[in-house]
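Q: Have a look at the structure that comes next, please.
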Amino acid sequence: MPATTPAPVLLELLRCPEPHHAPLSFDREASCLTCSECDKEFRVEDGIPVMLLDDVKEELQAWAQTTTAWQASPATGRPTRPASPGT
């Protein structure tokens, strides 16, 4: 399935999230945006750029691992932390 290109106006506005804020170019074949200065690549999913830096990705992955233990309360449907072992 071919990549969905981000809107042209979005491509004009987007910049690399690194401090240099260089312009990005879109590679339709790879479905990613590439920084013109540092060559970092940011994937594009359904036309939406995912522009997280590596340290943020690591923090999100760690957070996601801790939240997988959360479950919906049968009574309220709201997320609740499971009981600790021995309680």
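Q: For the range 8-67, max minus min Cα coordinate along each principal axis, in Å, sorted largest first?
A: For the range 8-67, the Cα extents along the three principal axes come out at 37, 27, 19 Å.
Q: Ok, one more. Identify the residues of the range 28-60 with backbone N under 15 Å of a label point that sits 7 angstrom from the Cα of L10 along the Cα-to-Cβ direction, or state none.
A: Of the residues in the range 28-60, 28, 31-34, 42-52 have backbone N under 15 Å from the label point off L10.
Q: For the range 32-40, take each phi angle, set θ = phi - 60°, evaluate the Karplus expression 6.51 cos²θ - 1.76 cosθ + 1.60, and give the result in whole Hz per residue in order, putting x for glycine and proline.
A: 8, 9, 10, 6, 6, 10, 9, 6, 5
Q: Now for a separate question. Of the options H21, V9, L53, report the single residue whose Cα projects farthest towards the positive end of the charge dipole of the range 8-67 (beta-carbon charges: Lys, Arg +1; Asp, Glu -1).
A: Of the listed residues, the answer is V9.
The numbers here are math on the coordinates, done by the rules we state, and not lab data. All values derive from a computational prediction rather than experimental measurement. Because the Cβ atoms are built from the backbone with ideal geometry, glycine has one as well, and the counts that use them run over all protein chains shown.
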